[in-house]
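Below is one structure, written out as structure tokens; comments come after it.
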Amino acid sequence: MTQVKRYVPITLITLFSLFLRLWNLNKPKGFIFDEVYYAKNANSLITHGVELNSANQSEFVVHPPLGKWLIGIGIKLFGNNEFGWRISAAVFGTLSILLIYLIAQRLFNSYLLSNIAAGLMALDGLNLVMSRVALLDIFLMFFILLATYLFMRNQYWLTGIALGMATGIKWSGAYLIPIFLILSVNFVRTGLIRQALMRISQFIIIPIFTYLITWSGWLFTSNGWDRNWAATQPKAFLPDVIRNLWHYHSEILNFHTGLDDTHSYSANPWSWLILGRPTSFFYETPKNCGATSCSQEILAIGTPLLWWSAVIALVVVIGYWLSKREPITTLIITGLAATYLPWFFFQSRTMFYFYAVSISPFLILALVFLISKLIEAGIDRGWIYLFISVIFLNFIYFLPIWVGNEIPYSQWLNRMWLPSWI
């Protein structure tokens with residue numbers, strides 16, 4: 001196979017993914033779900049450098065600024081409109097498909113399996129939905145994947161930067177820091193202390209420094225939320241700017257640990273992998289749609305047959321990891337542990353299924369691992385292609401409720417396979 005032919009499949013997968021993410025990206029009109037916060041914050045950041053409300057007063061915001069800066073780039077380029085809010089997510093969602101291709105290539109050393117990984121990611125409904133809305137989680141997933149890829153290449157300084165940027169999107173990005181730090185240390189090598197100091201610099205100092213840079217707008221302006229809080233407090237040894245930032249972060253922590261509001265779409269992480277309670281971002285019953293009654297929805301849910309197959313594959317991966325400690329299974333288990341398990345420590349917190357978009361790449365890698373073992377066992381590849389075709393048909397079937405197409409109510413109801421999806 002020539003070099004050009006090798007890259008034809010991933011090129012087609014990428015173009016297909018980009019098309020679906022850009023098609024009618026400006027619809028539905030208006031803010032979808034939490035876009036009402038993030039798109040407005042993003043516009044304020046590119047205008048004022050900090051998050052201000054409509055009255056130009058400082059606003060308390062519970063997530064770091066980087067994701068909103070990225071949304072703001074789209075607004076700066078295409079205007080403060082629906083397409084402008086969402087274009088950055090569409091681009092990063094597409095790039096995440098290229099990243100899983102590169103990760104799979106390093107894991108399996110197979111163009112076939114790499115293309116399967118990218119193709120399955122392109123056919124994941126949750127990834128598609130999160131790539132078409134101005135929320136933060138697709139950016140978080142991208143930088144988690146970027147950190148993983150760089151870590152696999154032993155580029156630890158760049159990994160530290162990527163981890164700092166992931167944390168600058170949402171604090172949950174920091175869960176990978178201690179895991180990667182431990183995995184990077186060779187405990188049987190001489191010069192352990194020197195090595196440990198190097199790893200601490202790469203996986204703690206660099207991420208912290210990168211994370212602080214994402215707060216530059218707040219640090220170098222004077223009108224951010226509680227930017228001058230320390231001036232009203234007793235004097236202390238630390239500079240006021242550090243005290244102000246520490247105070248802000250303590251308030252953010254208080255918010256997240258105390259967030260227990262009832263929400264109709266809240267979902268415990270126990271239910272995420274089996275798609276127990278997806279999140280409806282948008283729902284309307286349009287008139288004059290050509291049927292007696294119609295539905296228009298954007299439902300954040302993974303492609304059902306893909307996710308349920310991946311759960312089965314995950315059981316296989318865990319079995320291989322426990323019995324043989326294969327390096328591939330270690331990376332998959334590590335990614336899943338860092339993106340999924342921490343949520344179980346916050347059982348009283350209000351959580352949503354769409355957070356699982358950061359878990360989905362590692363579920364897909366688990367499925368690709370199972371496929372690789374089936375191929376090694378001599379299975380006819382026709383069965384693999386048949387399986388992918390079924391996933392594709394399942395994706396096409398659910399596509400209307402991922403992109404907000406108007407469909408007859410009966411067709412919408414047919415896609416509600418579980419009562420908890422309504």
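The values are calculated or read from the model by the stated rules, or taken from the named source; none is laboratory data. Owing to the predicted nature of the structure, the values given are computational and were not obtained by experimental measurement. All Cβ positions, glycine included, derive from the backbone under ideal geometry; neighbour counts span all protein chains shown.
Hey, can you tell me all the residues within the range 11-38 that are hydrophobic (A, V, I, L, M, F, W, C), in a helix (DSSP H, G or I) and at pLDDT 95 or above?
Correct list: LEU12, ILE13, LEU15, PHE16, LEU18, PHE19, LEU20, LEU22.
Here are ILE333, ILE379: which of them is in a helix (DSSP H, G or I) and of a type outside the set (D, E, K, R)?
ILE333
Counting only residues that are free of Cβ contacts under 8 Å to residues at least 60 places away in the same chain and aromatic (Phe, Trp, Tyr), which one in the range 56-92 is nearest to SER17 (Cα to Cα)?
Filtering first and then ranking leaves PHE92.
Residues being assigned to a helix (DSSP H, G or I) and either of a type in the set (A, V, I, L, M, F, W, C) or touching a strand residue (DSSP E or B) at 6+ places or on another chain (Cβ under 9 Å) (or both): count how many of those fall in the range 336-354.
The number of residues fulfilling the criteria is 9.
Answer yes or no: is there a residue in the range 125-141 that is under 18 Å from ILE332 (Cα atoms), crowded, with 24+ Cβ neighbours inside 10 Å and at pLDDT 95 or above.
yes
So which residues in the range 325-360 are closer than 18 Å to ILE274 by Cα, of a type in the set (Gly, Ala, Ser) and surrounded by fewer than 19 Cβ atoms within 10 Å (Cβ to Cβ), if there are any at all?
The answer is ALA337, and nothing else.
How many residues are among the small types (Gly, Ala, Ser) and closer than 28 Å to LEU370 by Cα when one looks only at the range 136-166?
Looking only at that region, the number is 1.
Which condition does ALA117 not pass, out of (1) surrounded by fewer than 24 Cβ atoms within 10 Å (Cβ to Cβ); (2) among the aliphatic types (A, V, I, L, M); (3) under 30 Å from GLY276 (Cα atoms), if it passes all the others?
Tallying (1) surrounded by fewer than 24 Cβ atoms within 10 Å (Cβ to Cβ); (2) among the aliphatic types (A, V, I, L, M); (3) under 30 Å from GLY276 (Cα atoms), ALA117 fails exactly one: (1).
Suppose we filter LEU363, LEU299, LEU305, LEU322 for residues that are closer than 25 Å to SER389 by Cβ, surrounded by fewer than 19 Cβ atoms within 10 Å (Cβ to Cβ) and either modelled with pLDDT under 95 or not aromatic (Phe, Trp, Tyr) (or both); which single one remains?
On inspection, the qualifying residue turns out to be LEU305.
Residue by residue through the range 389-422, note down the ones that are part of a helix (DSSP H, G or I), among the hydrophobic types (A, V, I, L, M, F, W, C) and surrounded by 15 or more Cβ atoms within 10 Å (Cβ to Cβ).
Within the range 389-422, ILE391, PHE392, PHE395, PHE398, ILE401, TRP402, VAL403, TRP412, TRP421 qualify.
Does the range 333-352 hold any residues that are β-branched (Val, Ile, Thr) and either under 15 Å from the mean Cα position of the chain (by Cα) or under 18 Å from ALA174 (Cα atoms) (or both), and which are they?
ILE333, THR334, THR339, listed by residue number.
Yes/no matrix, rows are residues, columns are (1) without any contact (Cβ under 8 Å) to a residue 12 or more places away in the chain; (2) within 24 Å of VAL403 (Cβ to Cβ); (3) loosely packed, with under 15 Cβ neighbours inside 10 Å:
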residue	(1), (2), (3)
PHE237	yes, no, yes
SER250	yes, no, yes
PRO269	no, no, no
THR279	no, yes, no
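So, TYR353, is that one within 19 Å of ASN268 (Cβ to Cβ), touching a Gly at 6+ places or on another chain (Cβ under 8 Å) and of a type in the set (Phe, Trp, Tyr) or not?
It is true that TYR353 is within 19 Å of ASN268 (Cβ to Cβ), touching a Gly at 6+ places or on another chain (Cβ under 8 Å) and of a type in the set (Phe, Trp, Tyr).
Does ARG227 satisfy the condition of being touching a residue at least 24 places away in the same chain (Cβ under 8 Å), more than 26 Å from the chain's Cα centre (by Cα) and surrounded by 15 or more Cβ atoms within 10 Å (Cβ to Cβ)?
Yes: the conditions hold for ARG227.
If you go through the range 52-82, how many residues are under 15 Å from ILE169 (Cβ atoms) and assigned to a loop (DSSP other than H, G, I, E, B)?
5
Could you list all residues from the range 80-135 that are under 30 Å from ILE375 (Cβ atoms), among the hydroxyl-bearing types (Ser, Thr, Tyr) and touching a helix residue (DSSP H, G or I) at 6+ places or on another chain (Cβ under 6 Å)?
THR94, SER96, TYR101, TYR111, SER114, SER131
Look at GLY168 and say whether it is small (Gly, Ala, Ser), within 17 Å of VAL50 (Cβ to Cβ) and modelled with pLDDT under 90.
No.
So which residues in the range 206-246 are in a loop (DSSP other than H, G, I, E, B) and under 15 Å from THR167 (Cβ atoms), if there are any at all?
THR214, TRP215
Right, ASN254: of a type in the set (S, T, N, Q) and either in contact (Cβ under 8 Å) with a residue 12 or more places away in the chain or under 22 Å from THR339 (Cα atoms) (or both) or not?
Yes; evaluated as a whole, the condition is true for this residue.
Do we find a residue being of a type in the set (A, V, I, L, M, F, W, C), closer than 21 Å to ASN223 by Cα and without any contact (Cβ under 8 Å) to a residue 24 or more places away in the chain anywhere in the range 31-54?
no
Checking GLN202 against (1) modelled with pLDDT under 90; (2) assigned to a helix (DSSP H, G or I); (3) in contact with a Phe, Trp or Tyr (Cβ under 8 Å, 6 or more places away or on another chain); (4) not charged (D, E, K, R), which single condition isn't satisfied?
The failed condition is (1).
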